[in-house]
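Engineer: Quick one: structure below, then a few questions.
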Amino acid sequence: FKDCFFIIIIDEYENFKDYQQIIINTKLKQVKQNHKVTYKLLMRDDGLRTSETLAKGQPIQDLHDYRSYNLIEMFERNKFSLHAKKIANKYIELNPYFKNKGYSDIDEILETIDYIEEANNISGAENSLKQWLLKHYHSDKINNLLMWFNEEENLLKKTIAVNLLNQGKEQNHIINEFKKNTQKSKDWYNNYKVGSLFWLYSIKGLKKRYAGFNTLINLSGNNIRTMLEFCYSIVEEWISREEYHLPISTKLQNDVIHKCSEEYKKLLQSEDEYSIEVFNMVERIG
């Protein structure tokens, strides 16, 4: 190995305990010239838990012993979506199976379902919504709303209307805004459609369904690794079930995403600090 250089990379340094970082800090600080070795530490922002070494009064110092840098790409969602799609499509392009079948776009491989279709496909959801209203409101508050329900086909819009009623808005005001398709009603729809869909599932005591690349983007939290893990898991399950027709069904995707979710929750529970609080928050927000 004469004239060779070796680079050793320690991943996840920012997650090391204080005492573990102190050991590495000591090695960095106390290396001697006659060791013929150079140690340098690069870390993400906020990766340093402590600058201490085992020798009192001898901390490691920025620039001299280590350099911190920013790896986090703070994309806004649309930009991240384009970035993620390029990466996903590159994987498809490099895969002989998908290439031979003429597929080049992740959206062609993953079946999707939109929010309106999803709401309308929840069995018995409209009856459950009406029963909830009759249980919690006096008839004067909801008579006109229930009549409007008979005219309106979009169950998600009806659910949003009930949420607006829960906020204290008057039924006729809600109905008029939706009927006239005003900017206010469009804003309501954009702001409350996802939360209302979650709530509709909860009324039925069901878990929300997940499918489609756009959904994976939302679930990934702008993290490429998480997005790719979802994609890999879905494709692996598709192969194991020998369901070789494309696009991959929403049912299979939903099964896999919920399975991944359980694994992520187990990881949350294994964390030392604030694990119970974070886990409970995740459970409550769905």
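Engineer: Here are some conditions: (1) in contact (Cβ under 8 Å) with a residue 24 or more places away in the chain; (2) within 30 Å of residue 200 (Cβ to Cβ); (3) open to solvent by less than 70 Å² (accessible area, probe 1.4 Å); (4) out of contact with any strand residue (DSSP E or B) (no Cβ under 8 Å at 6 or more places or on another chain). Residue 110 meets all but one. Which one does it not meet?
Structural biologist: So the condition that residue 110 fails would be (4).
Engineer: Here's something else I'd like to know. Of everything in segment 4-28 that's in a helix (DSSP H, G or I) and open to solvent by 50 Å² or more (accessible area, probe 1.4 Å), which residue is nearest to residue 65 (Cα to Cα)? Step through it out loud before you land on a result.
Structural biologist: Taking segment 4-28 and keeping what is in a helix (DSSP H, G or I), we get 13-15, 18-28.
Now restrict to residues that are open to solvent by 50 Å² or more (accessible area, probe 1.4 Å): 15, 18-20, 23, 27.
Working: 15: 19, 18: 17, 19: 18, 20: 17, 23: 14, 27: 10 Å.
Of everything passing the filter in segment 4-28, 27 is nearest to residue 65 (Cα to Cα).
Engineer: Every residue in segment 236-249 that is in contact (Cβ under 8 Å) with a residue 40 or more places away in the chain and open to solvent by less than 50 Å² (accessible area, probe 1.4 Å), please. So that I can check it myself, show each step before the final result.
Structural biologist: Of the residues in segment 236-249, the ones in contact (Cβ under 8 Å) with a residue 40 or more places away in the chain are 246-249.
Passing the criteria: 246, 248, 249.
Engineer: Given the conditions (1) at pLDDT 90 or above; (2) surrounded by 11 or more Cβ atoms within 10 Å (Cβ to Cβ); (3) more than 17 Å from the chain's Cα centre (by Cα); (4) among the polar types (S, T, N, Q), report the number of the one that residue 81 does not fulfil.
Structural biologist: Evaluating residue 81 over (1) at pLDDT 90 or above; (2) surrounded by 11 or more Cβ atoms within 10 Å (Cβ to Cβ); (3) more than 17 Å from the chain's Cα centre (by Cα); (4) among the polar types (S, T, N, Q) leaves (3) as the failure.
Engineer: Further, regarding this structure: Taking the criterion of being over 23 Å from residue 249 (Cβ atoms) and acidic (Asp, Glu), would at least one residue in segment 104-123 satisfy it? I'd like the intermediate steps shown before the answer.
Structural biologist: Just the residues of segment 104-123 that are over 23 Å from residue 249 (Cβ atoms), to begin with: none.
No, every residue in segment 104-123 fails to be over 23 Å from residue 249 (Cβ atoms) and acidic (Asp, Glu).
Engineer: Being in contact (Cβ under 8 Å) with a residue 24 or more places away in the chain and open to solvent by 90 Å² or more (accessible area, probe 1.4 Å) is the filter; apply it to segment 29-68 and report the residue that is farthest from residue 14 (Cα to Cα).
Structural biologist: 54
Engineer: Given the criteria surrounded by 16 or more Cβ atoms within 10 Å (Cβ to Cβ) and modelled with pLDDT of 90 or more, does residue 185 qualify?
Structural biologist: On the way: surrounded by 16 or more Cβ atoms within 10 Å (Cβ to Cβ): yes; modelled with pLDDT of 90 or more: yes.
When the stated conditions are applied, residue 185 passes them.
Engineer: When you go through 217, 285 one by one, which is the residue that is of a type in the set (Val, Ile, Thr) and either in contact (Cβ under 8 Å) with a residue 12 or more places away in the chain or on the phi > 0 side of the Ramachandran plot (or both)?
Structural biologist: Values: 285 fails: either in contact (Cβ under 8 Å) with a residue 12 or more places away in the chain or on the phi > 0 side of the Ramachandran plot (or both).
Just a single option satisfies the conditions, and that option is 217.
Yes/no per residue for (1) open to solvent by less than 40 Å² (accessible area, probe 1.4 Å); (2) modelled with pLDDT of 90 or more; (3) on the phi > 0 side of the Ramachandran plot; (4) polar (S, T, N, Q):
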site: 191; (1), (2), (3), (4): no, yes, no, yes
site: 198; (1), (2), (3), (4): no, yes, no, no
site: 223; (1), (2), (3), (4): no, no, no, yes
site: 231; (1), (2), (3), (4): yes, yes, no, no
site: 252; (1), (2), (3), (4): yes, yes, no, no
site: 257; (1), (2), (3), (4): yes, yes, no, no
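Engineer: Test each condition in (1) under 30 Å from residue 109 (Cα atoms); (2) among the charged types (D, E, K, R); (3) open to solvent by less than 20 Å² (accessible area, probe 1.4 Å) for residue 158 and report the one that comes out false.
Structural biologist: (1) is the only condition that residue 158 fails.
Engineer: Give just the number: which of (1) open to solvent by 50 Å² or more (accessible area, probe 1.4 Å); (2) in contact with a Ser or Thr (Cβ under 8 Å, 6 or more places away or on another chain) does residue 211 not satisfy?
Structural biologist: Only one criterion is unmet by residue 211, namely (1).
The values are calculated or read from the model by the stated rules, or taken from the named source; none is laboratory data. The shown structure was predicted, so the numbers you read here are calculated from the model rather than taken from an experiment. Reconstructed Cβ throughout: ideal geometry from the backbone, glycine too, with neighbour counts over all protein chains shown. In case anyone asks, the SASA skips ligands and DNA or RNA and just uses the protein heavy atoms, side chains included. Shrake-Rupley method; radii C 1.70, N 1.55, O 1.52, S 1.80 Å.
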